[in-house]
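Novice: Sharing a structure here in structure tokens format.
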């Protein structure tokens, strides 16, 4: 039985170092990117008083709709559009917390979008139908980088203002100390990278989502707005 020569072992070690070094470099880049992403997720809006044609709120996180309604009540937009609404939950209780006349005249709901890319396309179709050219995007801070990228892609000529909200259960400050927040931010960063790769290399892009919006006013039945 012949044992491997020392030179063959050293050669195998040198070969193994190349993929190991590449993996280590990628891990360092991902970690640095995650730190940047977490820091970005904690930033507030830079234009809190700028008026826009519309306010757009994607469903899926706490505090988003309440903040959107507050901004609408303060006259920072003509209309509020909620994209990605699920059928069948009551929104009557939420409506009662705000000015019913304002809700009835100025809030519209979109039912077709199921993810952020579709949210952007649904909002773009709604904006185009009303000849709006500017919007304030209200979503969670950790979701904002990916949402802004998708919305800019869907409506490149529109003026977009980022307006993040910060749910109490998401501990943005010292996020690495909290397992739930760290997992959420790492997951969202991975989704952001995937969306960035999709935009950069042009794969997985979808056709525009058909516009399926309804005004809150004419509906006889009630629906809910998740994350209000």
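The values are calculated or read from the model by the stated rules, or taken from the named source; none is laboratory data. What you see is a predicted model, and the numbers here were worked out from it, not measured in a lab. With ideal geometry, Cβ positions are generated from the backbone for all residues, glycine too; neighbour counts draw on all protein chains shown.
Novice: Show me the strands (runs of 3 or more DSSP E) entirely contained within region 118-228 in which 1 or more residues are out of contact with any helix residue (DSSP H, G or I) (no Cβ under 9 Å at 6 or more places or on another chain), surrounded by 13 or more Cβ atoms within 10 Å (Cβ to Cβ) and modelled with pLDDT under 80.
Specialist: Where strands (runs of 3 or more DSSP E) fall fully within region 118-228 and carry at least 1 residues being out of contact with any helix residue (DSSP H, G or I) (no Cβ under 9 Å at 6 or more places or on another chain), surrounded by 13 or more Cβ atoms within 10 Å (Cβ to Cβ) and modelled with pLDDT under 80, they are 213-215.
Novice: Inside region 36-68, can you point out the residues that are farther than 28 Å from residue 174 by Cα and in contact with a strand residue (DSSP E or B) (Cβ under 7 Å, 6 or more places away or on another chain)?
Specialist: 50, 52, 53, 54, 55, 56
Novice: Mind checking which residues of region 46-69 are buried (at least 17 other Cβ atoms within 10 Å of the Cβ) and free of Cβ contacts under 8 Å to residues at least 40 places away in the same chain?
Specialist: Listed by number, the list holds a single entry, 69.
Novice: Just to be sure before I move on: is residue 118 in contact (Cβ under 8 Å) with a residue 12 or more places away in the chain and over 20 Å from residue 63 (Cα atoms) in the structure I sent?
Specialist: Yes: the conditions hold for residue 118.
Novice: Right, next: For residue 106, only one of the following conditions fails: (1) closer than 21 Å to residue 190 by Cβ; (2) buried (at least 20 other Cβ atoms within 10 Å of the Cβ); (3) without any contact (Cβ under 8 Å) to a residue 60 or more places away in the chain. What is its number?
Specialist: Condition not satisfied by residue 106: (1).
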